[in-house]
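J.: One structure coming up, written as structure tokens, with questions to follow.
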């Protein structure tokens with residue numbers, strides 16, 4: 001480093017230069033030569049960083065870069081360029097000026113560098129792994145995001161260190177316009193989110209049918225993607241979306257219409273549960289009806305513990321669901337099935353506290369003398385519970 005600049009760096013940025021940058025005052029900034037515009041604050045911000053986060057002054061940006069174009073790519077202590085800061089603040093004029101200058105392909109008189117600066121600048125990441133587009137989406141600045149996406153539609157924006165892509169962030173935050181922009185402008189948009197979720201998972205979680213439709217149109221393979229639990233988007237829709245009556249735009253319907261076989265996907269890291277199991281556990285009868293209408297045999301699937309949907313309705317004390325299942329013609333095939341510990345749904349009912357299971361007890365197909373793996377019947381468990389209760393009294 002130039003000895004004079006090193007001496008200045010130890011003192012921080014010249015106070016007049018710093019104040020002028022905050023105000024966008026070129027009359028003062030212009031008094032400094034290109035070399036002295038490279039001064040840094042304690043956080044390693046240059047005059048361009050200070051201006052970018054303080055003012056939306058495009059003309060001053062152009063004037064600064066005309067003096068010292070190396071500031072275009074300069075990073076502060078957090079690895080941020082001026083573009084990162086302008087995008088975070090929503091300063092679209094500064095963003096446009098930085099992009100326009102970067103596309104001029106001039107050789108820098110200050111250091112003689114010559115690179116494809118526009119794409120390089122757009123793709124640079126900070127210490128959090130965020131590009132300028134990440135910052136624009138996170139802070140809800142659509143015009144800035146539009147400028148950035150349109151300049152580099154070929155680039156697949158990788159996830160940041162929190163495993164968030166710009167598309168995932170847009171969907172998760174419910175920013176419809178951002179998601180549409182990325183999906184319709186980017187040639188191959190990245191879609192990942194935390195825990196191996198995708199943008200489709202996020203759209204299902206937040207019940208955004210319009211975005212579900214668009215994602216399925218642009219990225220149809222996401223319908224098969226599973227997260228770290230082995231859950232598809234349909235698993236989340238079955239858990240979280242439970243209107244009393246499903247309409248044609250409901251996320252569950254859209255996902256099933258796109259690929260009904262997802263109803264059979266068993267979550268490999270969550271007891272091999274299907275979307276039907278999840279809907280039963282949470283008592284969402286309308287969702288169960290929708291799943292069965294598309295896949296009438298999906299009730300045959302059981303979990304890793306070999307529990308069927310009747311086991312789950314009883315275990316999680318879902319009375320309405322229990323009544324719904326027991327009215328089905330195939331209920332008799334479930335009612336005496338044993339899980340991997342030998343429990344039938346009736347065995348599990350004995351252990352419940354608040355469930356009215358009279359319809360289960362009175363069902364003509366129920367076997368009250370079925371043994372579990374400990375050779376106990378449901379009646380044995382009731383007698384033991386009564387005996388224990390009397391001892392405690």
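A short reminder: the numbers here are calculations on the coordinates, not readings from a lab. Since we're looking at a predicted model, the values are computed, not measured. Quick reminder, even Gly has a Cβ in these numbers, built from the backbone with ideal geometry, and neighbours come from all protein chains shown.
J.: If you take the beta carbon distance between residue 77 and residue 383 as r and set R0 to 56 Å, what does 1/(1 + (r/R0)^6) give as a FRET efficiency, to the nearest 0.05?
T.: For R0 = 56 Å, the calculated efficiency reads 0.20.
J.: Tell me, what is the percent relative contact order of the chain, built from C-alpha pairs under 8 Å that lie six or more residues apart?
T.: About 7 percent, as a whole number.
J.: Same structure, new question: What number, in percent, do you get for the relative contact order of region 199-335 if the mean sequence gap of Cα pairs under 8 Å and at least 6 apart is divided by its residue count?
T.: Once normalised by length, the contact order is 20 percent.
J.: Something else now. Peptides 251-260, 45-54, 227-236: what's the order by average Cβ count within 10 Å, highest mean first?
T.: Ranking the peptides 251-260, 45-54, 227-236 by packing returns 45-54, 227-236, 251-260.
J.: Run the simple label-point estimate for residue 210 and residue 369 please: 7 Å along Cα→C-beta, distance reported in nm.
T.: 6.3 nm
J.: Can you order the peptides 214-222, 175-183, 350-358 by their average number of other Cβ atoms within 10 Å per residue, highest first?
T.: Going by the mean number of other Cβ atoms within 10 Å, highest first, we get 175-183, 214-222, 350-358.
J.: Expressed as a whole number of Å, what is the distance separating the alpha-carbon centroids of region 309-332 and region 117-182?
T.: So the two Cα centres are separated by 46 Å.
J.: Taking only Cα atoms, what is the 0 to 90° angle, nearest 10, from helix 92-102's long axis to the longest principal axis of the chain?
T.: Relative to the chain, helix 92-102 is tipped by roughly 60 degrees.
J.: Could you state the angle between the C-alpha long axis of helix 58-67 and the longest principal axis of the C-alpha atoms of the chain, as a value from 0 to 90 degrees rounded to the nearest 10?
T.: Once rounded, one gets 60 degrees.
J.: What does the helix-only formula give at 222 nm for the chain: each DSSP H stretch with n ≥ 4 adding -39500 (n - 2.57), the total divided by the residues, and the result rounded to the nearest 500 deg cm²/dmol?
T.: -13000 deg cm²/dmol
J.: Additional query: Just checking my list (i) 26.0, 93; (ii) 27.9, 83; (iii) 30.6, 95 against Rg and Dmax of the Cα atoms in Å computed from this structure; which label fits?
T.: Matching entry in (i) 26.0, 93; (ii) 27.9, 83; (iii) 30.6, 95: (iii).
J.: Next question. Going by a ≥ b ≥ c, the root eigenvalues of the Cα gyration tensor, does region 318-365 fall in the rounded group (a/c under 1.5), the prolate group (a/b larger than b/c) or the oblate group?
T.: Here region 318-365 falls in the oblate category.
J.: Another question, then. With angles folded into 0 to 90 degrees, how steeply does helix 209-218 sit against the dominant principal axis of the chain? Use alpha carbons for both and round to 10.
T.: That works out to roughly 70 degrees.
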